[in-house]
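So the structure is just underneath, and the comments pick up after that.
Values quoted throughout were computed directly from the atomic coordinates according to the rules given, and no laboratory measurement underlies them. The structure displayed is predicted, hence computed values, not measured ones. As a convention, Cβ positions derive from the backbone with ideal geometry for all residues, glycine included, and neighbour counts pool all protein chains shown.
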């Protein structure tokens, strides 16, 4: 845990910070890291993937900022107003909840009209609601440099005109623009003529704004037009992920890659060099090129 994050948490009585939903992708790809480190072979790709995640978590903890959008939750005994939200940049406050008494642990939703939000704080417009005081005040928010969500897809049943399956390829036609792209994940639901059509698929192509194709398995060749048939966006695809990575500041991406290089070079567990001990005392074992890259993103008022 970083000094900044520790300082913030201890200013809230009984604060318990939990990651609810992690990022949909990492801020850098394995290919980008290999190019950065001049690694030509593929035998360590899986290892590098693990190091990317480890480096990203370390960097985010140090700067108390999320690279790709995540959902965080604070549960506390008592909180001040304004309350600083410790993982930033703030995308939105999803909800504030509280527990009234000791007899039941039911969470009560605090009306969003009763609190305000800044770029890094949430504050009560009057006072926070009365609650029992032990692990009874909860704030849930999203943070990150980009709002990476599921693909923007029309979810009403009547937006899907039909799905034509021919030779293991499904072609969906929608009544309005579908907003999906190649490599997006979609889920077909409500098929009754051939239930095998109900599954998740990776979009192969989107030749027009109202048609897209996907590979099928064990689905009979036919035109499916059931009234119950629908298709939803299931998860962000390659295009959404690339856009999310592009929104992450270059300094943080470079710091992640430099940290991966340090982890990769010292993967057998060698200790940090003596000259980095002063840095390590304050920020953890940061190798050359990492601390310098993080300087613009650290809130030094909390150090």
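Each label was represented as a point 7 Å from its Cα along the Cα-to-Cβ direction; for residue 42 and residue 204 these points are 2.2 nm apart. Per-residue extension of 0.36 nm, minus the Cα-Cα distance of residue 159 and residue 173, leaves a gain of 4.2 nm for this segment. Reported value for the stretch 70-150: 91 Å³ per residue, from the convex hull of its C-alpha atoms. For the stretch 157-235, the orientation-averaged shadow of the C-alpha convex hull comes to 4.2 nm² (one quarter of the hull surface). Listed peptides 167-179, 124-136, 99-111 appear in the order 167-179, 124-136, 99-111 once ranked by packing, highest mean of other Cβ atoms within 10 Å at the front.
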